[in-house]
C-alpha cells in the first residue's frame, strides 16, 4: 500500500473515531438545557468554514482524488509525524470530552447549572478541545499528500479559532467573573507554557 493510500485510510479512521467518541457526549449534553446560546450567523459561518477545511475538502480528495494536480508523493518522516499527531488528537479529544461531561457543546453555549471546568486536562489548558482540533488539522496536513486538501484543515480551523477564541473567552468571563479571570491567569490557552 502506498503512503498516499495509507494517508487517506488513516484520515478516514481519524474522522470516524473523532465522531464515534463524540456521540455519547452529544447525547448526554442534549439532556441538559441551554441557558445561553451564542450560535448566531457569525458562529454558523465559522463552523461552516471549519467544516469545509476539516471535512468537505479532504473528503472530496479521499473519495475522488480531486484536485489531482495538487497531489504529491509523501515523505515517510512527515507521514509518521502525521500518525503521531492523529493519535495525540484522539487522546486529547477524548480527555476533553471526559472532563467536560454534560457541559460539552459543539458551539458557544452554556448549559443550565454550567460550572467552570478546571480539572483534568483543563487544569493546564483553557481550550484543550482547540488543541485537539489543531492536532487533527496538522495530522490531516501531514497524512493527506495534496497541497489543497491537506492544509485545508489548518486554514479552515485556523479561521474558526482566530474568530471564535475572543468571543468565547468573553462569554466565559461574563458567566464566571473572577473565577474565570483567576483560572485564565494560571492556565494556558492551547499550548502548555507557550500560548
For region 56-88 versus region 20-39, the gap between their alpha-carbon centres in whole angstrom: 31
Helix 3-30 vs. the chain, principal-axis angle (Cα, 0 to 90°, nearest 10): 20
Distance between modelled label sites at residue 37 and residue 6, nm, 7 Å Cα→Cβ extension: 4.6
With Cα atoms, 0 to 90° folded angle of helix 128-143 axis to the chain main axis: 0
C-alpha long axis of helix 76-100 to longest principal axis of the chain, angle in °: 20
Sequence-separation-based contact order of the chain, relative, with Cα cut under 8 Å and 6+ spacing, percent: 33
Radius, Kirkwood style, for region 97-195 when every pair of distinct Cα atoms is counted (Å): 14.7
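Read-outs: derived from the displayed coordinates by stated rules, not from any lab. Note that the structure is predicted; figures quoted are calculated from it, not measured. All Cβ positions, glycine included, derive from the backbone under ideal geometry; neighbour counts span all protein chains shown.
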